[in-house]
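Every read-out reported here was derived from the displayed coordinates using simple, explicitly stated rules and does not represent laboratory data. Note that the coordinates shown come from a computational prediction; the quantities given were computed from them, not determined experimentally. Glycine also receives a Cβ, built like all others from the backbone with ideal geometry; neighbour counts cover every protein chain displayed.
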Amino acid sequence: MKNILAVGCVLIHEKKILLSKRRKPPNQDMWTIPGGKVHAGESLFVAAKREAQEELGIDCEALEVCHVFELEFLEQKLRYIIVDIHMRYNGDAIRLNSEASAFGWFCKSELNNGAIDNESKQLALKMLS
């Protein structure tokens with residue numbers, strides 16, 4: 001099984017968490033924490049900052065690791081090890097790239113939407129409590 005290290009960019013603003021709707025697998029058409037693969041030689045915080053710039057068009061400061069989990073895809077023989085990083089949102093306008101079809105700020109009461117992936121939902125509930 002091939003292991004792939006990835007980061008998630010966790011942004012909280014006005015008691016809401018930012019989620020993006022994925023265009024591609026894994027979790028295609030689901031609302032998730034935005035993020036992506038860590039490049040060779042890149043630290044987790046640098047990767048999270050780069051992913052925020054690439055996927056959201058914003059400059060953020062990485063604050064702390066807030067969640068770690070694994071996603072396994074047995075048929076593809078892939079395991080994603082995802083480290084979610086709490087980021088400081090500076091209020092810039094979000095400008096999505098082609099990896100997401102939409103973004104939204106979700107409050108705790110909106111997290112029962114069936115189109116939110118379970119790991120993102122559990123993390124959002126933790127971060128918004």
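Could you work out the percent of alpha carbon pairs in the range 45-120 separated by over 21 Å, rounded to a whole number? Write down the numbers at each step before the final one.
On the way: 1172 of 2850 pairs.
Above the 21 Å cut-off, the range 45-120 has 41 percent of its Cα pairs.
Mind putting a number on the dipole of the chain about its Cα centre? Charges go on the C-beta only, +1 for Lys and Arg and -1 for Asp and Glu, and I need it in Debye to the nearest 20.
So the dipole magnitude of the chain works out to roughly 160 debye.
For a distance above 17 Å, tell me the whole-number percent of Cα pairs in the chain that qualify.
55
Report the GluC sites (Glu not before Pro) located in the range 12-69 that are in a DSSP loop and have at most 10 other Cβ atoms inside 10 Å of their Cβ, or state none.
GLU14
Give a quick list of trypsin sites (Lys or Arg not before Pro) in the range 29-90 that DSSP marks as loop, anything other than H, G, I, E or B, with at most 14 other Cβ atoms within 10 Å.
Values: sites: LYS37, LYS49, ARG50, LYS77, ARG79, ARG88; in loops: LYS77.
Counting only loop positions with at most 14 other Cβ atoms within 10 Å, the trypsin sites (Lys or Arg not before Pro) in the range 29-90 are LYS77.
Would you please report the Å³ per residue occupied by the convex hull of the alpha carbon atoms in the range 1-70?
Working: hull volume 7.7 nm³, N = 70.
Taking only Cα atoms, the range 1-70 has a hull volume of 111 Å³ per residue.
If we count other beta carbons within 10 Å of each Cβ, what is the order of TRP105, TRP31, fewest first?
TRP105, TRP31
Which of LEU128, LEU78, ILE58 sits closest to the plus end of the dipole of the chain, meaning its Cα is farthest towards the positive end, when Lys and Arg get +1 and Asp and Glu get -1 on the C-beta?
LEU78
Counting only helical runs of four or more DSSP H residues, what would the 222 nm mean residue ellipticity of the chain come to if each run contributes -39,500 (n - 2.57) and the total is spread over all its residues?
Helices in the chain give a 222 nm mean residue ellipticity of -4000 deg cm²/dmol.
Taking the Cα centre of the range 1-61 as origin and charging only Cβ (+1 Lys, Arg; -1 Asp, Glu), how large is the dipole, in debye to the nearest 20?
Numbers: 10 positive and 8 negative charges, 61 e Å.
Computed about the Cα centre, the dipole is about 300 debye.
Between the range 1-20 and the range 58-129, what is the separation of their alpha carbon centroids in Å?
Going from one Cα centre to the other spans 3 Å.
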